[in-house]
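Undergrad: My questions will all concern the structure given below.
No lab work stands behind these numbers, since they all come straight from the coordinates. Just so it is clear, the model here is predicted, and its values are computed rather than measured. Counting neighbours? That spans all protein chains shown, and the Cβs are built from the backbone with ideal geometry, glycine included.
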Amino acid sequence: MKVRVTNIQRFSLQDGPGIRTTVFLKGCSICCPWCANPENIKYEIQGEFGYDIELDELEKEILKDEKFYKSGGGVTFSGGEPLLQFDKLEPLLKRLKQQNINICIETALFVPTSLLEIALKYVDEFIVDIKILDNSEAKKVLNGDIELYYKNIKKLFEQKHNITFRIPVTKEYTLQEHNKKRILDLLEKYKPQQVEIFKLHRLAESKYKTLKKNLIEFKEVTYDDMENFLKEIKNVKINAKICKI
Amino acid sequence: MNKIIELINKIINKSEKLSNFTVIVYKYNRKYRNMTKTILFALKGIFKFYMPSTKLSKGMQIRKIFQKLKIKRNSDRFIYYLDPLKILNIKNFEIENTTIDYEIGLEKSLEEMQKENENMKDGEYKENQKQLLLGIEELIEKEKKIAPNEQVANNLENIKNKKADGFQEALQRILFYNQIVWQTGHHLNGLGRLDKILDKYYKKDIKENKITKEEARSLINEFMKLLHENFWFKSNALLGDTGQVIILGGKEPNGEYFCNDLTYMFIEETEKLQLPDPKVLLRVAKNMPRELMETSVKCIKTGIGCPLFSNDEVVIPQLINFGYDEKDAYSYVTAACWEPLITGKSFDQNNMKTIVFLKPFTEMLNKENLEEIKNQEQLMEKYKTYLEKYIDEFFAELDARKFETDPVMSLFIPHCNQVEIDVTEGGAIYNNYGATSVSLANTVNSIININKFVFQDKKYTLSELNELRKNNFENNENIQLKDQGIRYGKDDDKVLEITNMITKWVDEMLENKTNRIGGKLKFGLSAPSYIDESKDFEASLDGRKKGDAFIVHISSDITSNPYTELIQFASKIDYSGNRFNGNVIDFMVTPSFMENNFEKFTDFLILSIDVGFFQMQMNVVSSETLIKAKEHPEEFPNLIVRVWGFSAYFNDLPEEYKNVLIERALKNEGKSY
Ligand code: SF4
C-alpha cells in the first residue's frame with residue numbers, strides 16, 4: 001500500500017510535543033488563500049512536488065529518529081489534509097501504535113467523519129485549525145462545509161481531550177468581529193487543552209512561484225493585534241500562546 | 001625597494017636570532033593591528049630580545065630564560081606573566097598540543113622534585129632536569145618580589161616546599177606551571193580537568209569557611225581572564241587558536257557522572273566573559289544532570305562556540321579498546337581541539353599532520369586509465385592502492401621527525417623520571433602519534449556521484465566526467481553533482497558503508513606500523529585544514545570547484561540537513577581501532593531557533609548522547625548577522641564564532657573563513673547565496 005507525500009521532515013519542533021518527524025501528505029479538502037504548503041493542496045503530483053511511498057518505507061523513515069522521540073515526540077501527519085489518506089494509512093498507524101510511537105495530526109477537519117473515526121483509534125495528539133467559522137464565508141473563501149467541521153469537532157471532543165487549536169490570524173477573516181465571536185464561543189464551549197495563534201508568513205512564496213500561483217498580500221497584523229487577541233482568548237479561561245514560526 | 005627588502009631578508013635568514021625575532025614582531029603586529037606601532041615596538045624590542053645559545057644544555061637554556069624574564073604584575077590575586085621577548089631557539093619539532101598533569105605540580109613540592117633529581121644517575125637527563133628545577137626556584141624568587149600581597153607571595157613560596165593548600169593557591173600554582181609551559185616554546189597548551197583537579201581545594205576552603213562560593217567564582221573569572229590576556233602571543237595559525245581548553249565533567253569508572261559547583265562556574269563564567277579563549281569542553285554521559293546541559297545550552301546560545309561536547313559513552317570504550325589503561329581512559333582530556341589525550345603519561349602528539357583523503361583519490365583520477373574501471377568495486381580497489389601508498393609515505397614522514405629534548409614536559413610525566421629518559425625519546429608510557437583528516441566527505445560524495453552518473457545511469461563515462469572536473473566544471477554547472485539525494489551526512493546505509501570502508505582500510509594499513517619509540521598512529525575525522533589544504537586543490541567529483549573549501553569536520557553540505565539526521569549518521573561511523581583521534585560533528589544553529597526551542601534543543605542534545613555521537617560543536621549565529629559583520633566589521637567588534645577547534649573574533653578571520661561560515665549558515669537556514 002502506498003500513500004502520497006511531499007516531504008518527510010525530521011527534527012520538527014513545531015508540530016506537536018517533543019522532537020518529531022513530520023510527514024506531509026499530499027492533497028487537501030479545502031483551499032486557504034494563505035496556505036503555507038501550497039504544494040500540498042492538490043493530490044496530483046506536480047513536477048518536483050509529490051511522490052508515492054510504500055507504507056513499509058514510510059515506517060522505516062519514521063522509526064529512524066525513534067531514539068529522539070523519548071523527548072515526548074513522535075510522528076506528526078500534516079499536509080494538506082492528512083485525514084484524506086488515513087484509510088490507506090491505517091495499517092501503518094496500527095503498527096506505529098503497537099510500537100508505542102506517539103502519533104499527532106494537524107488537521108483542518110473538513111473531511112468525512114468516517115476518516116476522523118480512523119484517526120480516533122490511533123492518534124494521540126490532535127492539532128486542529130480554526131480558520132473561518134462563518135458558514136457562507138467558509139464556503140466562499142475555503143470551499144469548506146462548516147457544518148461538517150462542527151460535526152467533526154463535536155465527535156472529536158466526545159472522545160479526546162488533549163486537543164490543541166491553531167488559529168492563523170488575519171485581519172481579513174479571523175479578526176473580523178463576527179468570526180472572532182464564533183471562535184471565542186467555540187473555545188468556551190469545548191475548552192481545548194491549548195490554543196496557539198500565529199501570524200501568517202511568506203516563506204512559501206518561492207513554492208507559489210514554482211506552482212505558478214500567486215500568494216495574496218494580507219494586511220499587516222501587529223504585535224498589539226496579536227496580544228489583544230491572546231488576551232481575549234485567555235479571558236475565556238483557555239491556555240493560549242503566540243506561536244513563533 | 002625590492003633590493004632592500006631582499007637584503008633585509010638575507011640578513012634575517014642568516015641570523016637565527018633575527019628570524020626568531022621576526023616571528024615575535026609578526027605576533028605583536030597581530031596585537032597592535034597597526035604597522036607603525038609594530039615598527040616602533042620592534043626598534044625597542046630588539047634590545048630586550050633574548051635567545052640563549054643552543055650550545056648550552058636544554059635545561060640551562062631554560063634556566064637562562066627564566067633568569068632574564070621581565071615579570072610584570074597584572075593582577076591583585078595572582079602572578080601570571082609571559083615575556084614574549086625571551087624565547088628558546090627551537091630547531092626541531094617541539095612538543096605541542098598537549099596538557100601537562102597539573103596535579104603533579106599541586107601535589108609535589110619543588111623540593112621533592114629536586115630530591116628525586118639528586119637520586120638520578122649522572123647524565124644529560126639529570127642535568128637538564130637539575131637546571132630546570134634551579135631555574136624554577138629562581139623564578140619563584142623573582143615573582144615573589146613583585147607579589148601584590150603576602151598571600152600571593154606565600155602561595156608562590158609554598159611551591160618550593162609544600163603541597164598546594166587552598167583554592168586560590170591551587171589556581172596560582174596551575175598558572176605558574178602553565179606560564180612555564182608557554183614560556184618554553186610549547187604551543188597549544190590545554191589546562192586539563194580543572195573541576196576535578198580543583199575539587200578538593202575548593203571543598204576544603206568552603207568547609208573551613210575560607211572562601212564563599214561567590215569568591216571562588218570571582219577567582220575563576222580572574223583566572224580565565226589572565227589566561228586570555230596574551231592570546232595574540234599564544235595563538236597559532238589563526239588568532240584565537242591557543243589550545244587553551246578546560247575539560248569539565250566526565251564519567252567515572254564506577255559509572256557515575258562527575259561534576260561539581262566548579263563545573264557550572266567554569267561554564268557560567270565563560271558565558272559571562274564572552275572571550276574566545278580559554279574555551280571549555282564538557283565531557284557528557286547519559287546520566288549527566290539535565291541542569292548541566294541546560295547551563296551549557298545557555299552558554300552556547302550566546303554564540304561563544306563552547307562548551308564543545310565529548311561523549312564519554314563512545315570515547316572511553318574506544319580508548320580502552322585501543323590499549324589505554326582503563327583508569328587512564330576514564331581520565332582523558334583532549335589535546336588542543338578534540339583529540340583524546342592521557343595527561344601525565346603520554347608523549348602522544350595528536351595533531352601532527354592532516355590526512356587529505358582526496359589527494360590519493362585525485363591522483364588516481366589523474367593517473368589511471370579510467371576506461372578500465374567498470375564498477376564501484378573496481379573503483380574502490382583502485383583507490384585503495386593509491387591510499388595505501390599515500391598512507392605509507394605519510395607515516396614515514398611523521399616517523400622521521402626529530403623532536404626537541406623536553407625537560408619541562410618530562411618533569412610532568414613521572415615515568416620519564418623513573419626511567420630517566422626524556423619524553424621525546426620514549427620516557428613516557430604512551431608514545432603515539434596522531435593525525436587529523438580532511439575531505440573524506442568530499443571523497444565519499446565523489447564515489448557516490450561516480451556510481452550514480454557513470455555506473456548506474458551511464459550518463460557519462462568516468463573519463464568524460466573526469467574531463468569535466470579537470471575543466472573545473474566550466475559551463476557544466478548544471479550536471480547537479482551537488483544535488484544527489486544521498487551524500488555524506490545522510491543517515492543512509494550506502495553512504496555509511498563507503499565511509500566506514502575507507503576508514504577501515506586506513507585502520508588496517510596502520511595496524512602494523514609503529515613509530516621509532518613504539519607508538520601507533522591514530523587518526524580522526526576532523527581537522528583544522530579544510531581551508532588551507534583546499535586552497536589550491538583541484539576540483540572534485542562531489543561538485544566542489546577548484547580552491548573551494550572542503551566539507552568541515554563531520555558535517556554535511558546538504559541544504560537544511562536535519563540535525564537528527566547528521567547525529568544518526570555520525571553515530572553510525574565506526575570509530576574503533578585507531579580511528580578515535582577526534583571526531584567532531586559541526587553544525588550551525590540560528591540564535592532564534594535556539595531561543596524559541598530551548599527545552600527541545602536541550603532534549604535533543606541529551607538524547608544525542610545515547611544515540612552515540614563522538615563529539616559535537618556548534619556555531620550559533622545567523623547568516624544575516626555574519627553577512628552584516630563581513631560588510632561592517634566596525635559594528636561587530638565582539639562577534640565570536642567557532643572556527644575549527646577554537647573560537648575566534650569573526651573580525652580576526654581571513655576572508656575565506658568568513659565566507660565558509662556564511663555559506664554554511666545559509667545552507668543551514670535553507671537559503672542560497
Ligand atoms: S487546510 Fe492547510 S493545507 Fe489545506 S489549504 Fe488550508 S492551509 Fe493549506
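Undergrad: Looking at this model, which pairs from B:Lys482/B:Lys630; A:Lys42/A:Lys213; B:Lys31/B:Lys86; A:Lys171/A:Lys244; A:Lys155/A:Lys191; B:Lys251/B:Lys345 are more than 22 angstrom apart at the alpha-carbon? Display every interim value, and only then the final one.
TA: On the way: B:Lys482/B:Lys630 26 Å; A:Lys42/A:Lys213 13 Å; B:Lys31/B:Lys86 17 Å; A:Lys171/A:Lys244 18 Å; A:Lys155/A:Lys191 14 Å; B:Lys251/B:Lys345 20 Å.
Result: B:Lys482/B:Lys630 exceed 22 Å.
Undergrad: If you plug each phi of the range A:55-63 into the Karplus form 6.51 cos²θ - 1.76 cosθ + 1.60 with θ = phi - 60°, what whole-Hz ³J(HN,Hα) values come out, in order, with x for Gly and Pro?
TA: Calculated HN-Hα couplings, in order: 4, 4, 4, 4, 4, 4, 4, 5, 6 Hz.
Undergrad: In debye to the nearest 20, how big a dipole does the range B:152-204 give about its Cα centre with +1 on each Lys and Arg Cβ and -1 on each Asp and Glu Cβ?
TA: Values: 9 positive and 5 negative charges, 43 e Å.
In debye, rounded to 20, the range B:152-204 gives about 200.
Undergrad: If you bin every alpha carbon distance in the protein assembly as shown into 20 Å steps from zero, what whole percent lands in each bin?
TA: Spelled out per bin, shortest first, that is 13, 40, 32, 14, 2, 0.
Undergrad: Please report the antiparallel percentage of the DSSP beta bridges confined to the protein assembly as shown, to the nearest 5.
TA: On the way: 19 of 73 bridges.
If I count the DSSP bridges inside the protein assembly as shown, around 25 percent turn out antiparallel.
Undergrad: Find the centroid of the Cα atoms in the range A:136-175 and in the range B:617-673, then give the distance between the two in whole Å.
TA: Here the answer is 44 Å between Cα centres.
Undergrad: Another question, then. Can you compute log10 of I(q)/I(0) for the range A:110-245 with the Debye formula, treating each Cα as one identical point scatterer, at q = 0.17, 0.21 Å⁻¹?
TA: The Cα Debye sum returns log10 ratios of -1.03, -1.38.
Undergrad: Still on this structure, please answer the following. Add -39500 (n - 2.57) for each DSSP H run of 4 or more in chain B, then divide by its residues: what number comes out at 222 nm, to the nearest 500 deg cm²/dmol? Numbers along the way, then the final one.
TA: Values: 28 runs with 333 residues, N = 673.
Result for chain B: -15500 deg cm²/dmol, rounded to the nearest 500.
Undergrad: OK, next. Any chance you could run the full-extension gain for B:Ala396 through B:Lys545? It's 0.36 nm times the residue separation minus the Cα-Cα distance, nm to one decimal.
TA: Details: separation 149, 0.36 × 149 = 53.64 nm, distance 3.10 nm.
Gain in length upon complete extension: 50.5 nm.
Undergrad: Out of the range A:139-245, which GluC sites (Glu not before Pro) are coil in DSSP terms and have no more than 11 other C-beta atoms within 10 Å? Could the numbers behind the result be given before it?
TA: Working: sites: A:Glu147, A:Glu158, A:Glu172, A:Glu177, A:Glu188, A:Glu196, A:Glu205, A:Glu217, A:Glu220, A:Glu227, A:Glu232; in loops: A:Glu172, A:Glu217, A:Glu220.
Passing sites in the range A:139-245 are A:Glu217, A:Glu220.
Undergrad: In whole angstrom, how far apart do the alpha carbon centroids of the range B:23-48 and the range B:538-569 sit?
TA: If you average the Cα positions of each part, the centres end up 40 Å apart.
Undergrad: Enumerate by residue number the GluC sites (Glu not before Pro) in the range A:23-119 meeting two conditions: DSSP loop (anything except H, G, I, E, B), and at most 16 other Cβ atoms within 10 Å of the site's Cβ. Can you show the working numbers first?
TA: Working: sites: A:Glu39, A:Glu44, A:Glu48, A:Glu54, A:Glu57, A:Glu59, A:Glu61, A:Glu66, A:Glu106, A:Glu117; in loops: A:Glu44, A:Glu48.
Here the sparse-neighbourhood loop sites are A:Glu44, A:Glu48.
Undergrad: Still on this structure, please answer the following. What percent do you get for the relative contact order of the range B:349-582 when only Cα pairs under 8 Å and 6+ apart count?
TA: Working: 345 pairs, mean separation 61.4, N = 234.
Relative contact order comes out at 26 percent.
Undergrad: Further, regarding this structure: Which value in deg cm²/dmol, rounded to the nearest 500, describes the helix-derived mean residue ellipticity at 222 nm for chain A, given -39,500 (n - 2.57) per DSSP H run of n ≥ 4 and division by the residue count? Don't skip to the answer; put the middle values down first.
TA: Values: 7 runs with 79 residues, N = 245.
After summing the helix terms and dividing by residue count, I get -10000 deg cm²/dmol.
Undergrad: What value does the range B:219-268 have for Rg/Rh, both radii from Cα atoms and Rh as Kirkwood defines it? Don't skip to the answer; put the middle values down first.
TA: Details: Rg = 14.3 Å, Rh = 12.8 Å.
Value, to two decimals: 1.11.
Undergrad: Equivalent-ellipsoid semi-axes (√(5λ), Cα gyration tensor) for the range B:349-582, whole Å, largest first?
TA: Details: eigenvalues 274, 67, 49 Å².
Its equivalent ellipsoid spans semi-axes of 37, 18, 16 Å.
Undergrad: Looking only at Cα atoms, what is the convex hull volume of the range B:110-236 per residue, in Å³? Intermediate values should be presented prior to the final figure.
TA: Values: hull volume 16.2 nm³, N = 127.
Dividing the Cα hull volume of the range B:110-236 by its residue count gives 128 Å³.
Undergrad: Would you mind telling me the antiparallel percentage of the DSSP bridges in chain B, rounded to 5? Display every interim value, and only then the final one.
TA: Details: 9 of 37 bridges.
That works out to approximately 25 percent antiparallel.
Undergrad: Treat each spin label as a single point 7 Å out from the Cα along the C-beta direction, and report the A:Lys244 to B:Phe598 distance in nm.
TA: Each label point lies 7 Å from its Cα, and together they span 1.1 nm.
Undergrad: Quick one: of the DSSP bridges fully inside the range B:562-673, what percent are antiparallel, nearest 5?
TA: Values: 3 of 9 bridges.
In the range B:562-673, DSSP labels about 35 percent of beta bridges as antiparallel.
Undergrad: Another question, if that's okay. If the viscosity is 1.567 mPa s and the temperature 4 °C, what Stokes-Einstein diffusion coefficient in µm²/s follows for chain A when Rh is the Kirkwood radius over Cα pairs?
TA: Details: Rh = 18.4 Å.
So the translational diffusion coefficient is about 70 µm²/s.
Undergrad: Computed on alpha carbon atoms, what radius of gyration and Dmax characterise the range B:78-152, expressed in Å?
TA: Calculated on Cα positions, Rg and Dmax stand at 15.0, 42 Å.
Undergrad: Please go through the range B:308-409 and write out the trypsin sites (Lys or Arg not before Pro) that DSSP classes as loop and that have at most 10 other C-beta atoms within 10 Å.
TA: When the trypsin sites (Lys or Arg not before Pro) of the range B:308-409 are filtered for loop state and at most 10 Cβ neighbours within 10 Å, B:Lys402 remain.
Undergrad: Which residue fluctuates the most in chain A, going by a Gaussian network model with Cα springs under 10 Å, if the choices are A:Ser78, A:Ser136, A:Ser29?
TA: A:Ser136
Undergrad: For chain B, what is the convex hull (Cα atoms) projected area averaged across all directions, in square nanometres? All intermediate terms of the calculation are to be shown ahead of the outcome.
TA: On the way: hull surface 122.6 nm².
Value for chain B: 30.6 nm².
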